[in-house]
Amino acid sequence: MRENLVLVGNGMAGVRTLEELFKHGDDLYNITVIGSEPHPNYNRMMLSPVLASEKTVSDIILNSREWYEEHGIELITGDGVTEISRVNKSVITASGRKFPYDRLLLATGSNPFIIPVPGADKEGVIGFRDIHDVETMLAATRQYKNAVVIGGGLLGLEAANGLMKQGMNVTVVHLLDTLMERQLDKPAAAMLKTSLEQKGLKFLMEAQTAELIGEQRVTGVKFADGSEVDADLVVMAVGIRPNIELLQQAGIYCERGVVVNDTMQTYDPSIYAVGECVQHRKQCYGLVAPLFEQARVAANHLAQVGSTRYEGSVTSTKLKVTGIDLFSAGNFNEEEGDEAMVLQDPASGTYKKLVIRDNKIKGAVLFGDTMDGTWYFQLMREGTNIADFRRTIMFGQHDLGDAGHGDAQVLALPDSAEICGCNGVCKGEIVNAISKQGLFTLEDVRAHTKASSSCGSCTGLVEALLASTVGEGYDEAPSKKPMCGCTEHSHDDVIRAIKQQKLKTMPDVREFMEWKTPDGCAACRPALNYYLLANWPEEYQDDAQSRFINERAHGNIQKDGTYSVVPRMFGGLCTANDLRAIADVSDKYKVPEMKVTGGQRIDLFGVQKEDLPAVWKDLSDAGFVSGHAYGKAMRTVKTCAGKTWCRFGTQNSTGLGVKLEELTWGSWMPHKFKLAVSGCPRNCAEATIKDFGVVCVDSGYELHVGGNGGIKVRVTDLLCKVETEQQVLEYCGAFIQKYREEAHYLERTAPWVERVGLSTIKECILDDEEARKALYDRFKLSQKYAQIDPWKARAEGEAAHEFTPLKIAG
Amino acid sequence: MTMNALAQEAGNWIEIVALEDIPQLGSRVIKTDTVDIALFRTALDEVFAIKDACPHKQGPLSQGIVHGTSVTCPLHNWKIDLASGEALGPDEGCTNVYPVKVENGMVYLGSLEARAA
């Protein structure tokens, strides 16, 4: 017998909770949804664009009536709940209908605060909260001329902008001298006021409303100083109050909002609450991102999984006024002990301010150029130490425009501009999908449009589009990002659990960490396989079925289903015999194309899968081992000509390259890993865009880390300078092992170094000799098990089923 | 035996391979004159046969990672339901499925007449 779940409040927080609940199963409850508005769930944050006629009501519907039907939900609209009877466990609606519940989910939202001045009840005085308010305003714009918006906050300014766009003469009245004082500091607020004035809005600052005048309908606003302004429409946007009247009547404990614990339960354990009506750890939230985090947790507990907690949210704000870019997060007014970094360019109309304490971002205000808002917000939420890049932080994350758009403002691009070059997705398609399908996260956009789902270089652009399209609802960087849909746990959680709980098999990890799927998915299985292999090199049995095909077949799958084969040539050196052997293989197996790779190796393209073991046997007989060009593994050591021939060369750079490759080949990594050794600072081996690069100089060896020549070009950071080859090998092994043990699966060294900070890595590898040597020892131990040539093993018959097709036709 | 002859034997079962010769959460490819068929084995030893071509860009599904009763295409990560051949999630598309059964540890493929899901 299924229990009854009744949702009171058919809005974003409540319905999102149901969506999250359905991820746990469609048949957990008989569900009834009761809403006082006549509409199905719509995107409340999109009311401003509807008011400005940039969108229609049907554009902002998130869940159609069909959605409710498909999920077997009984939907009651236009008939609000008027009584909760906790004794009988039922709710009663305005029309007298009664619905019994086993569990009750309250998402009653909030009400606009109407200032209690004389005349506040006159016709033409409204809040800005729902579709009805918007319809009232739009009707007024057709009949009347003068509008006054009381409240110069986010909502008030969006309302004022919308009314102005409809042709009204709009005055914004604000009690204080700073617009959006909860989000902006004075300089940014002043710039905002100027741009809004240029658009045609009028402002009355430090004006206290005393009375709304008029007969039946309002005709003007009178202020405390006696002055007046004409108004046929007054929009009150001075704040919202959690809508808890119904809950208080039912005796559920409320303060400002209904008080919930970390599992979103009220003081009555069968009653849950989410959204704006909630007070959690003394906080009430009026933005959407926190509501979604609450929804996830509430659903998790309603589904009786009970493995997550809501621990509060850090929020950021974007203003949805077309043509004005504004971003704000955290504490943006510096207090004693804080430092403020400010970048102001009056000519381009940009203002950026970061408030920093102990090398961590506490708050940010951006005006005019908000492209880096997402990045600053992420650094703030994660508490990243910014010491390593303080000098450049004001200039933003330079990789944002790397998809070929330079530093173009993504919002200014036409709809036809291609954002995702891999999958050919244009800006218009992305924006459409976001608003039509109701997408809120990067993952949603990737699933629906494929944008940013391949190489990821346009991720910043897609995030910027998300942030500007959904405004503050965009779930930028959930404080804890689950590894994949199979779990609530993050990569860090999983890595920690594997180490601390000594979990040694995939089923152990999935059981201990309460995986939702029996055997994971294509995202978590390779990650778990890697983590287990990296942590327990002596014991863990590699699971071929949890590896991507390239690593399972030890070749790179090509789009026609054939494979490419890259034999290892240590340090890029080869002999005439080596080349002859490769040529013979190429002839024998009719290899259609050969090519020299960027890492100084020879690639044989177009080999049939069933020929691979025979190809490998011939190569193995000639002395080659696998080049691992297919793996999340150590790839190549690139070298320059070297001292033997080059008149500029120092040290034995080529020989060192060979030694490094002999040390590191075969090692599985979180992602691919490339090395290079250059014989002098001219750096012909391009060592400063590698994961680990060595630049030889007369007095020793410079070690560089965290470079990348691919999607996002990143120049290495200098780790240190050492004097002997032995030190190079030791520091290299230690750096690799630290990366192997701590980076997230599929995280290259470049983002890893940025995430954990170069100083953290230096502390361990440079300052702590014992730690460095321990890392190096652990690396060498794991190499004992990794340096077994997979090609030779398969040439000798291992995993034969992988390469042998079944045939039934004669 | 040719494909045509096989097709005439619609309804008959053709012995293919021992179940234990397909890795759990893995696959084998059946090559015929006209079509490649991917034969999957799940963690619970269920067996499915579908055309070895993703509805998206004809990626070889047999080379993908198997989880639950679906497979993720190795080329662009489309997820395909093994029982119906249909793309899961927001993607839309369908590949052919073939009848298959396991008896006494041996896998049999039914009529090669493709069954559109």
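The values are calculated or read from the model by the stated rules, or taken from the named source; none is laboratory data. Computed from a predicted structure; not experimentally measured. Ideal geometry is used to build each Cβ from the backbone, glycine not excepted, and the neighbour counts take in all protein chains shown.
Give me a count of the residues in the range B:64-73 that are buried (at least 24 other Cβ atoms within 10 Å of the Cβ) and outside any strand (DSSP E or B).
Total satisfying the criteria: 2.
Could you tell me whether any residue of the range A:568-581 is within 35 Å of the chain's Cα centre (by Cα) and aliphatic (A, V, I, L, M)?
no
Scan the range A:644-659 for residues that are touching a strand residue (DSSP E or B) at 6+ places or on another chain (Cβ under 8 Å) and part of a helix (DSSP H, G or I) and jot them down.
A:SER653, A:THR654, A:LEU656, A:GLY657, A:VAL658
Restricting to the range A:117-142, count the residues that are part of a helix (DSSP H, G or I) and surrounded by 15 or more Cβ atoms within 10 Å (Cβ to Cβ).
Going through the range A:117-142 one residue at a time, the tally reaches 8.
Residues of the range B:21-56 being more than 8 Å from chain A (Cβ to nearest Cβ), in contact (Cβ under 8 Å) with a residue 40 or more places away in the chain and assigned to a strand (DSSP E or B), which ones?
B:SER27, B:ILE37, B:PHE40, B:VAL47, B:PHE48, B:ALA49, B:ILE50, B:LYS51
Is there a residue in the range A:627-643 that is assigned to a helix (DSSP H, G or I) and either surrounded by 22 or more Cβ atoms within 10 Å (Cβ to Cβ) or on the phi < 0 side of the Ramachandran plot (or both)?
Within the range A:627-643, none of the residues are assigned to a helix (DSSP H, G or I) and either surrounded by 22 or more Cβ atoms within 10 Å (Cβ to Cβ) or on the phi < 0 side of the Ramachandran plot (or both).
Return the residue satisfying two criteria in turn: it lies in the range A:757-810 and is in contact with an Asp or Glu (Cβ under 9 Å, 6 or more places away or on another chain) and aromatic (Phe, Trp, Tyr), and of such residues it is nearest to the other protein chains (Cβ to nearest Cβ).
A:PHE803
Could you check A:CYS486 against (1) within 14 Å of chain B (Cβ to nearest Cβ); (2) out of contact with any Gly (no Cβ under 6 Å at 6 or more places or on another chain); (3) free of Cβ contacts under 8 Å to residues at least 40 places away in the same chain and say which number it fails?
Single failed check for A:CYS486: (2).
A:LEU703 - would you say it is of a type in the set (A, V, I, L, M), touching a residue at least 24 places away in the same chain (Cβ under 8 Å) and touching a Lys or Arg at 6+ places or on another chain (Cβ under 8 Å)?
Numbers: of a type in the set (A, V, I, L, M): yes; touching a residue at least 24 places away in the same chain (Cβ under 8 Å): yes; touching a Lys or Arg at 6+ places or on another chain (Cβ under 8 Å): yes.
Here the answer is yes, as A:LEU703 does meet what is asked.
Restricting the first residue to the range A:549-568 and requiring it to be on the phi > 0 side of the Ramachandran plot and away from chain B (no Cβ under 11 Å), which pairs with a second residue that is among the polar types (S, T, N, Q) and assigned to a strand (DSSP E or B) meet a Cβ separation below 8 Å and a spacing of at least six or different chains?
Note: pairs meeting the criteria are A:HIS554/A:SER626.
In the range B:57-90, which residue that is of a type in the set (D, E, K, R) and facing chain A (nearest Cβ under 8 Å) is farthest from A:VAL445 (Cα to Cα)?
B:LYS57
With the requirement that a residue be surrounded by 21 or more Cβ atoms within 10 Å (Cβ to Cβ) and modelled with pLDDT of 90 or more, what does the range A:325-355 give you? Steps first, please.
Taking the range A:325-355 as the starting set, the residues that turn out to be surrounded by 21 or more Cβ atoms within 10 Å (Cβ to Cβ) are A:325-329, A:351-355.
Across the range A:325-355, the qualifying residues are A:TYR351, A:LYS352, A:LYS353, A:LEU354, A:VAL355.
In contact (Cβ under 8 Å) with a residue 40 or more places away in the chain and either crowded, with 18+ Cβ neighbours inside 10 Å or within 14 Å of chain B (Cβ to nearest Cβ) (or both): is that true of A:TYR530 in this structure? Lay out the reasoning, then the answer.
On the way: in contact (Cβ under 8 Å) with a residue 40 or more places away in the chain: yes; either crowded, with 18+ Cβ neighbours inside 10 Å or within 14 Å of chain B (Cβ to nearest Cβ) (or both): yes.
Spelling it out, A:TYR530 is indeed in contact (Cβ under 8 Å) with a residue 40 or more places away in the chain and either crowded, with 18+ Cβ neighbours inside 10 Å or within 14 Å of chain B (Cβ to nearest Cβ) (or both).
How many residues does the range A:739-775 hold that are surrounded by fewer than 22 Cβ atoms within 10 Å (Cβ to Cβ) and either among the acidic types (Asp, Glu) or part of a helix (DSSP H, G or I) (or both)?
Matching residues across the range A:739-775 total 22.
How many of the residues making up the range A:215-245 are surrounded by fewer than 19 Cβ atoms within 10 Å (Cβ to Cβ), of a type outside the set (Val, Ile, Thr) and not in a loop (DSSP other than H, G, I, E, B)?
Residues flagged as surrounded by fewer than 19 Cβ atoms within 10 Å (Cβ to Cβ), of a type outside the set (Val, Ile, Thr) and not in a loop (DSSP other than H, G, I, E, B) within the range A:215-245 amount to 8.
Residues being modelled with pLDDT of 75 or more and either crowded, with 23+ Cβ neighbours inside 10 Å or within 30 Å of A:SER53 (Cβ to Cβ) (or both): count how many of those fall in the range A:303-324. Lay out the reasoning, then the answer.
If we filter the range A:303-324 for residues that are modelled with pLDDT of 75 or more, which is where we start, we get A:303-317, A:324.
Next, from what is left, pick out any that are either crowded, with 23+ Cβ neighbours inside 10 Å or within 30 Å of A:SER53 (Cβ to Cβ) (or both): A:310, A:315-317, A:324.
Summing the residues that are modelled with pLDDT of 75 or more and either crowded, with 23+ Cβ neighbours inside 10 Å or within 30 Å of A:SER53 (Cβ to Cβ) (or both) in the range A:303-324 gives 5.
Any residue in the range A:175-194 that is out of contact with any Lys or Arg (no Cβ under 8 Å at 6 or more places or on another chain) and closer than 13 Å to A:MET236 by Cα?
yes
For the range A:488-513, which residues satisfy the criterion of being under 26 Å from A:ALA295 (Cα atoms) and loosely packed, with under 13 Cβ neighbours inside 10 Å?
A:GLU511 - this is the single residue of the range A:488-513 that is under 26 Å from A:ALA295 (Cα atoms) and loosely packed, with under 13 Cβ neighbours inside 10 Å.
Given the residues A:PHE779, A:PHE735, which is the only one that is aromatic (Phe, Trp, Tyr) and in contact (Cβ under 8 Å) with a residue 60 or more places away in the chain?
Going through A:PHE779, A:PHE735 in turn, the sole match is A:PHE779.
Results for (1) farther than 19 Å from A:THR315 by Cβ; (2) surrounded by fewer than 24 Cβ atoms within 10 Å (Cβ to Cβ), shown as yes or no for each residue.
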{"position": "A:LEU154", "(1), (2)": "no, no"}
{"position": "A:LEU157", "(1), (2)": "no, no"}
{"position": "A:ASN161", "(1), (2)": "yes, no"}
{"position": "A:GLN166", "(1), (2)": "yes, yes"}
{"position": "A:VAL172", "(1), (2)": "yes, no"}
{"position": "A:ASP177", "(1), (2)": "yes, yes"}
{"position": "A:ASP185", "(1), (2)": "no, yes"}
{"position": "A:ALA188", "(1), (2)": "no, no"}
{"position": "A:LYS199", "(1), (2)": "yes, yes"}
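So if I check each of A:GLU181, A:GLU197, A:GLU211, which one is in a helix (DSSP H, G or I) and either of a type in the set (D, E, K, R) or in contact with an Asp or Glu (Cβ under 8 Å, 6 or more places away or on another chain) (or both)?
Every option except A:GLU197 fails the conditions.
May I ask you to verify whether A:CYS684 is in a loop (DSSP other than H, G, I, E, B), assigned by TED's automatic domain parsing to the domain that holds A:LEU746, modelled with pLDDT of 95 or more and touching a Phe, Trp or Tyr at 6+ places or on another chain (Cβ under 7 Å)? Lay out the reasoning, then the answer.
Working: in a loop (DSSP other than H, G, I, E, B): yes; assigned by TED's automatic domain parsing to the domain that holds A:LEU746: yes; modelled with pLDDT of 95 or more: yes; touching a Phe, Trp or Tyr at 6+ places or on another chain (Cβ under 7 Å): no.
So A:CYS684 does not fit the description; no.
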